[in-house]
């Protein structure tokens, strides 16, 4: 094993023989290198490639692992099982699914499919006014992640709805020969209760290796235990400090208690980091060490110190976004960074909008990852539904989606009658449509009959295309053309319709790439499985753009420069209550999230936060994140800070863009003003902490009042001391009218209206 340089701990993990192995791999410590080289070592010491199963959590990670194993072992890598939990289970169920009620052509319901099904069931039962489909699906998901029937998990809220809807939901999945993501694993587990598949599966794999083990849930853990039970050759690699998915069922205790469940396990710690500077690692270590429920470890590197970390405080979220955009513009102009070297991370998706706006204004190419994914766009979902219906005529949900796409004049009443006919025993909704086209369904007139006949003929013709050996890409082209989708979008000739056509063209490209992956004809079923198992992080592409994403999606990725935004208590860490989770446990997960975010950066890390932030139309005073308090002073930039990142443009809020800290700044490394106190007498206070003028609470929904001096919100005014500014708000009453004004240099000030005058020049 001299093909790569391994440190002593990595080598020990790679060369471990039989028996359980726990590798505690800190961020950036080369865990993929260890897994890949361990797999190669196993083959070199006698393990058959087909007897090795390596499980990851993303398609991207699986692809990288497969490619790297291929570089070491050549064609032998093709015989290995390397994939995500869901892809692995789907593959097993294609072979053994008939033991648990599935045919080989079963389909996988993604999140949108599940949502639409539950929405339909709630509407049919008259329960849609009581509860949302998302709430019910969340109940299903949490229970299934633990291997439980949702009806047995009582919370007191909507238990009766879950009791009624869940069996209907599962019955519809069974009718459509479909599974959801959870059922992929649960049905694979169910195979072990059947003698014939259980006998085969228990000895199918000689070695099982699991990446990101801290992210497994209860049923995933049970699955790998059963698959490795005969040999006990189970290798798990993970980092309890990066366990950030408890909200979706991950059980950190799977990793924390591994050596309890496998007392003879060898435990190896990887702590040498190959990604980040020591400054960045010191920051990460200082935050995570406050967690109590963890394996003790500390990251270190041979790289040395690195650039100090920077913290910027803005007046509000617009000022924060302006600073980030101008800083990135400066980095790109002065080099050596390109857009794809930079990431902007945030705690919640809602933070991306204002950042996008300012990046666009600064001419910075940017891409949001994890918002509406490509495969969730309407026109793409429509074509996928056609494919599902062609693959599985029992897919009533797909039928309902496309029967009137593009619009054919088939209304809800016709669909309702078809649904009723299907339930009366005639079969599927497609069967009912065939009968209706022949006039054999009551209540459907001549006009709808003709339209249903055309629709049925369309599907028959498309099935003939598939039967004649058309590729998946050609099948999609035929769907777009024959259905009338292309004609409808071309006739619209709007910017939106052109975008939709571009998306359909991209879907054909994706299908073409899929077709080219094999010398053998690829099936529609296999294509549907591929896209159903695609995650948002797998769609990031190679575009040269700054990426914006939540920290959860960023896990496993890295960039030379990272901006970590919204570092405010209540935002990050989030302090909201979580069902069934103690305050301490929630804070520990938030601290792990901060550790993940910090360790995404290789060279430079910039924290930003705002003194005020608009939430639900209200302006709230924000305190700096407690995680900033945890940073050791030696890792922060001392004022005066490095000027290279500081924008030259004037501030739009609270700005000292030249980078010097104001008098009274309490902490080195802070720029743009001193930090406000953690509490304020008024959540709407937008001023510097040393501004003693009272603030007036204003109704954000009311029209801006006009003062006796003629001032309205948005007007430009001048002040003898502060110069030119823009009116932010005007109090509607009071003898001494007060106006809140945004000044480029002084920030926001509350000033008596009599001391202001209208400005003739516009504020730039």
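No lab work stands behind these numbers, since they all come straight from the coordinates. Because the structure is a prediction, the values reported are computed rather than measured. In this analysis, Cβ positions are derived from the backbone assuming ideal geometry, glycine residues included, and neighbour counts consider all displayed protein chains.
Of note:
- Euclidean distance of C-alpha centroids, the range 390-432 and the range 485-527, integer Å: 24 Å
- Spin-label model, residue 291 to residue 247: label points 7 Å out along the Cα-to-beta-carbon direction sit 1.6 nm apart.
- Relative to the longest principal axis of the Cα atoms of the chain, the long axis of helix 378-391 lies at roughly 10 degrees.
- Which labelled figure in (i) 177; (ii) 258; (iii) 197 is volume of the Cα convex hull per residue in Å³, once derived from the coordinates: (iii)
- Extension gain, residue 516 to residue 543: 0.36 nm times the residue separation minus the Cα-Cα distance gives 7.5 nm.
- A simple spin-label model places the labels of residue 509 and residue 104 3.3 nm from each other, with each point 7 Å out along Cα-to-Cβ.
- Two-site FRET efficiency, residue 377 against residue 754, from Cβ-Cβ distance with R₀ of 45 Å, rounded to 0.05: 0.25
- Two numbers describe the Cα atoms of the range 264-323: Rg and Dmax, which are 16.5, 56 Å.
- For the range 118-236: rounded, prolate or oblate by the Cα gyration tensor [a/c cutoff 1.5]: prolate
- For the range 6-65, diffusion coefficient by Stokes-Einstein and Kirkwood Rh (Cα), 10 °C, 1.306 mPa s, µm²/s: 128 µm²/s
- Gain on full extension, evaluated as 0.36 nm per residue between residue 163 and residue 115 minus their Cα-Cα distance, stands at 15.5 nm.
- Extents of the range 375-533, taken as max minus min of Cα coordinates on every principal axis and listed largest first, are 47, 38, 27 Å.
- Sequence-separation-based contact order of the chain, relative, with Cα cut under 8 Å and 6+ spacing, percent: 14 percent
- Spread of Cα-to-Cα distances over 5 Å intervals beginning at zero, given as percent, for the range 274-378: 2, 10, 15, 16, 17, 16, 13, 8, 3, 0
- Shape of the range 107-176, Cα gyration tensor, a/c cut at 1.5: oblate
- With 10 Å bins from 0: P(r) over the range 330-391, alpha-carbon pairs, percent: 17, 35, 25, 16, 7, 1
- Virtual spin-label span in nm between residue 125 and residue 465, 7 Å along Cα→Cβ: 3.8 nm
- Residues residue 50 and residue 629, FRET efficiency given R0 of 51 Å [Cβ-Cβ distance, rounded to 0.05]: 0.45
- 0 to 90° range, to nearest 10: angle between helix 181-190 axis and the chain longest Cα axis: 40 degrees
- Most simply put, the chain has about 35% antiparallel DSSP beta bridges, counting only bridges with both residues inside it.
- Length released on extending from residue 193 to residue 492, taking residue separation times 0.36 nm less the Cα-Cα span: 102.1 nm
- With a Förster radius of 25 Å applied to the beta-carbon distance between residue 148 and residue 257, the computed FRET efficiency rounds to 0.80.
- Compared with the dominant Cα axis of the chain, that is its longest principal axis, helix 317-334 is turned about 80°.
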